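Colleague: Take this structure first; my questions come after.
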Amino acid sequence: MVIDCVQLEKTAAPSHLNLLQNSDFSVAKSNTANYWWTESNLSTGDGRTNITTSVADTMDGNVMKMTGAVTSQKRVSQRVDISGSATDVLTLACWGKGYVPSNETIAYGQRQFGLRLTFYRSNGTVAGETTALFSPNTEGWQYVAAQAKPNDAYSYVIVTLLLDYNVGTV
């Protein structure tokens, strides 16, 4: 799986303002002060890389790459310190490419390829969550977007790129 141009906006309609840092993966992990992403369960060969076939000519080819493992949840996330109320609407979107099987539940858990926005209260409990999944069994680039609304007031959010219990490279 490869993911690029992750976007989070505090608005119901797309705009030019992105609340995420390094959302195009242009900064390498070795530059820890500006990398911003937290990686979980990634294997050798996973992580930020450069590809020659981006979704658009204007993109630089830097992407997040993950290879599926049927027994694990591979995730890359970023915390954004924004707060708001239950009436807020946030927009979450990104480009992705990867051939994965259907989003079914297997012995280890629910297969997923997409991204998630989780709202957190100041005490660390969840105040809402929205998941946007890419279509399975598709080899080309896809764009996914979702509007996310919290259930309650929130103090921060976490955006997570998901490749859960899957096979194939995305």
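Colleague: Let me have the relative contact order for the chain, percent, based on Cα pairs under 8 Å that are six or more residues apart. Could the numbers behind the result be given before it?
Modeller: Numbers: 453 pairs, mean separation 50.7, N = 170.
Relative contact order, the chain: 30 percent.
Colleague: Which entry in [x] 1.00; [y] 1.17; [z] 1.38 matches Cα Rg over 2.2 N^0.38 Å derived from the coordinates of this structure?
Modeller: [x]
Colleague: Beta carbons within 10 angstrom, averaged per residue: use that to sort the peptides 20-33, 94-107, highest first. Let's see the in-between values first.
Modeller: On the way: 20-33: 14.4, 94-107: 17.1.
By packing density, highest mean first, the sequence is 94-107, 20-33.
Colleague: How far apart, in nm, are two points set 7 Å out from the Cα along the Cα-to-Cβ line at residue 10 and at residue 38?
Modeller: The modelled label-to-label distance comes out at 2.0 nm.
Colleague: Oh, and also: With respect to the cross-link table entries 29/74; 10/65; 74/97, which display a Cα-Cα separation exceeding 20 Å?
Modeller: The pairs that break the limit, which is 20 Å between Cα atoms, are 10/65.
Colleague: Leaving out ligands, DNA and RNA, and with a 1.4 Å probe, what % of the accessible surface on the chain is carbon or sulfur? Don't skip to the end; give the middle numbers.
Modeller: Working: 3740 of 8010 Å².
Answer for the chain is 47 percent, counting heavy atoms of protein chains only.
Colleague: Here is a follow-up. Heavy-atom accessible area of residue 167 with all protein chains present, probe 1.4 Å, nearest 10 Å²?
Modeller: Accessible area, nearest 10 Å²: 60 Å².
Colleague: Among 140, 108, 154, pick out the residue whose Cα is farthest towards the positive end of the charge dipole of the stretch 98-170, where Lys and Arg carry +1 and Asp and Glu carry -1 on C-beta, about the Cα centre.
Modeller: It is 154.
Colleague: Rounded to the nearest whole Å², what accessible area per residue is found for the stretch 1-83 with the 1.4 Å probe?
Modeller: Values: 4370 Å² over 83 residues.
Here the per-residue accessible area is 53 Å².
The values are calculated or read from the model by the stated rules, or taken from the named source; none is laboratory data. As the structure is a computational prediction, the values presented were derived from the model and not from experiment. With ideal geometry, Cβ positions are generated from the backbone for all residues, glycine too; neighbour counts draw on all protein chains shown. These area figures cover heavy atoms from the full protein model, side chains too; ligands, DNA and RNA do not enter into them. Shrake-Rupley method; radii C 1.70, N 1.55, O 1.52, S 1.80 Å.
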